[in-house]
Amino acid sequence: MNLVLAHDYLIQMGGAERVVATMHRRFPSAPIYTSAVARKTLWGDFADADIRTTWLQHAPGIEHHTHFKKYLPLYPLAFRSFAAPQATHAWISSSTFAKYMRFAPGTRTVCYIHNPTRFLWQTDEYLDHEVRLPLLNRGLRAFLPALRKLDRAAAGRMNVLVANSRNVRERILRFYGRESIVIPPPVQTDRFTVSPGHEDFYLIVSRLLGYKNIELAVQAFTQTGRRLVILGEGPYRADLEKMAGPSVEFLGRRSDEEVRDCFQRCRGFVFPGHEDFGITPVEAMACGKPVVAFKKGGALETVVEGLSGVFFDEPRPEALAQAVERLERLPWNPEAIRTHAEQFSEASFLRRMEGVLFQ
């Protein structure tokens, strides 16, 4: 057996990269093919990894978390120039273009899809909020039909598509016309322990991107004066800081140990976005903490009302604030919340993924 791993890019570290890190720990000798890597921000999980990059690695500014999107039109070309002819099995992690990579006939290809390519299929949401480059936006829109055709064809070449949630499975069927298997992303629940007590603050751990809806939480906690701690970086940080009141604190990117400490000390976790899945709420639940989540997307698959958290139905600061008030009135059982989180463990993910990859 000759297994290779592939991922869109290792430039910004988030939930998708945690999935790749899980596969790397399980298969440490398998090379990781990716468009480009930012060594300065790469997690220690990848310190011993054989990471192989495309010619995009040499593009000016490619390693910066706000600049790499300027090269969006080039990613398909970069991956099409990549090949792993000796591979017998390939596991591809993709929300954009890693699935364009070429493999020899007979290679078993399993593509783990975090979301169908967002800027192609959820165009307005992505380009209007994530890529603040009008010229690039107009160019991408002009080529949208051709790019969608290529993207659908790339997905069609994969032997098996695996969705990270039921939410994403529905999009795969709608956009790619293919069925997929659902395997939720792995959460290292054994890294977290239940902390029955709490301090008087709520927590967000997220990249600061437009579609994450962090501004909703900033506005809600600014209005109510409740304390909110936000961990993470991204191009929207300056905008969010401008709208934040004194009760909202931005701590930037922190180590895994510091993030874990905040999970254990917070009163509850806030998840305001319409996400494809969402690993951080499960990490909070692994610490016995209830979650306040927007009632859309992946949160519906991880949060159980009254058991592990509460929902708000409308993307309004007032609705979020009311959900926080409801959370504070309810009794919570940290051990029950933790037990609920364990169904998303790393061991469960690997058992199911290996069954698909090597069947």
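Read-outs throughout are calculated quantities, based only on the coordinates presented, and are distinct from any laboratory measurement. Owing to the predicted nature of the structure, the values given are computational and were not obtained by experimental measurement. Heads up, the Cβs are rebuilt from the backbone with ideal geometry, glycines too, and the neighbour counts pull from every protein chain shown.
A few remarks follow.
- The angle between the Cα long axis of helix 214-224 and the main principal axis of the chain comes to about 0°, on a 0 to 90 degree scale.
- Theoretical ellipticity at 222 nm over the chain - DSSP helices of four or more residues, -39500 (n - 2.57) apiece, nearest 500: -10500 deg cm²/dmol
- Over segment 205-359: Rg over Rh, Cα atoms, Kirkwood Rh: 0.98
- Set of lysines with alpha-carbon distance to Lys296 below 19 Å, sequence-local pairs under 8 removed: Lys212
- With both residues required to sit in the chain, DSSP beta bridges show an antiparallel share near 0%.
- Candidates Leu228, Leu330, Leu77: whichever shows maximal mean-square fluctuation once the chain is modelled as a Gaussian network with Cα springs under 10 Å: Leu330
- Where Rh is the Kirkwood radius over Cα pairs, Rg/Rh for segment 306-359: 1.23
- When the C-alpha to C-alpha distance is required to be over 18 Å, the pairs from Lys99/Lys149; Lys69/Lys242; Lys242/Lys295 that qualify are Lys69/Lys242; Lys242/Lys295.
- Reported value for segment 3-182: 112 Å³ per residue, from the convex hull of its C-alpha atoms.
- Angle between the chain longest axis and helix 317-329 axis [Cα atoms, degrees, rounded to 10]: 60
- Our note on the geometry: Cα centres of segment 310-359 and segment 30-93, 31 Å apart.
- Spin-label zone in segment 196-233 - amide nitrogen under 13 Å from a point set 7 Å from the Cα of Arg329 along the C-beta vector: none
- For Gly309, the residues whose amide H sits under 5 Å from its own are Val291, Val304, ignoring neighbours fewer than 5 places away on the same chain, with H placed 1.01 Å from N.
- Farthest toward positive dipole pole in the chain [+1 Lys/Arg, -1 Asp/Glu at C-beta], among Val4, Gly309, Leu350: Val4
- Close amide H contacts of Phe277 (hydrogens built in the peptide plane, cut-off under 5 Å, sequence separation of 5 or more or a different chain): Gly298.
- Helix 15-26 axis versus longest C-alpha principal axis of the chain: approximately 60°, rounded to the nearest ten.
- Under the Karplus curve 6.51 cos²θ - 1.76 cosθ + 1.60, θ = phi - 60°, whole-Hz ³J(HN,Hα) for segment 187-202, x wherever Gly or Pro sits: 10, 6, 4, 6, 7, 10, 10, 6, 10, x, x, 7, 9, 8, 8, 9
- With a Förster radius of 45 Å applied to the C-beta separation of Arg141 and Thr193, the computed FRET efficiency comes to 0.40.
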